[in-house]
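Below you'll find the structure, written out as structure tokens, and then a few comments.
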Amino acid sequence: MGENITLSGAVETMQGWLQSAIALLPNIVIGIVVLIIFLILGKFIRSFIRSRTKDKETRNIGLVLGRLGQGVLVILGFLIAAIIIFPSFKPADLLASLGIGGVAIGFAFKDILQNFLAGILILLTEPFQIDDQIIFNDYEGTVERIETRATSIRTYDGRRVVIPNAELFTNSVIVNTAYDRRRLQYDIGIGYGDDIQKAKKIILDVLREHGEILENPNPEAIVVDLADSTINIRARWWVDPPRKADTIASYDWVLENICTRLVAAGIDLPFPTQQILLHDQTEETDGDRSRQREGWPVNPDKETPRALNLSRSMLTMVKAQRDSERDGTRNGNPENTRSND
């Protein structure tokens, strides 16, 4: 008897739900249509704002306003659709619920909100723009898109890197194309016996012959270091535009011609050299700074020790090692030990 009552109650409940759903069906259809209309309107507003802000100076502002306008319309359409479908629904109740759970939502979506706010600030402050070439940590490439969550760059070898906006906003970013011109430089090492002024003149002549190198500011060739094996002359020149492909082409032409001209003029381009002195630790002059040959100045008043032959030194070392091993074997023999006793 009790089971029949329970079953009949469940059937009545399901019938009530079905009747309520049928009664709400027109409202559901109208609410969905309203929401679709607002979604379409949001996309139209976003596209309209972007089309009116295509200039480089207003492009980022257009992205921000377009996305914010679309977001506001989508939220508004959702609220209106909810009111149509559920007449008892009040937006104030939703706001109260969001206020109660705001702390939990903030912790759960902390990274997403942080990247969103950083993206808005990047679009507003414009530290870099779309098509700029930037360097961030180990990544270098051209900015493709600046979205509210992340920024996408295309590397020079044809890969895409997606970087969260919070990292870009809180860390250092090098913008290679922030200005119209860029200075390039390279150090050229010549020999200590070469004519410095002649080498500088050749370098400047090469720089002035390149049609894509700017005349103002003037190219420069300055001595920057007296290194171990070379005198380093720094060639500096300016190019326009400052994009990666142009700088690589400029380096290629300048370095090739500077190298060819300097070599043709008889100027040495030495490579680092080292002198290795082998010191025989068994020679009788070891420790005597007045006679020791390696590592100390020669005393003209005293006889300079003769340098040992390398092969003779190696044979001496091998013989000493064999004698040491032979002595160790002899000392470890029991028969020798008894005879010594």
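List of remarks:
- Alpha-carbon radius of gyration plus Dmax, which is the widest Cα pair, for the range 182-264 in Å: 12.6, 38
- Mean-position separation - Cα centroids, the range 210-273 and the range 123-193, in angstrom: 24 Å
- The stretch between ASN171 and ILE28, if pulled fully straight at 0.36 nm per residue, gains 46.7 nm over its current Cα-Cα span.
- For a modelled paramagnetic label at LYS110, 7 Å from Cα along Cα-to-Cβ, the residues of the range 137-178 in reach, with backbone nitrogen under 20 Å, are 149-150, 164-171.
Values quoted throughout were computed directly from the atomic coordinates according to the rules given, and no laboratory measurement underlies them. It should be emphasised that the depicted structure is a prediction, and the values quoted were computed from it without experimental measurement. Because the Cβ atoms are built from the backbone with ideal geometry, glycine has one as well, and the counts that use them run over all protein chains shown.
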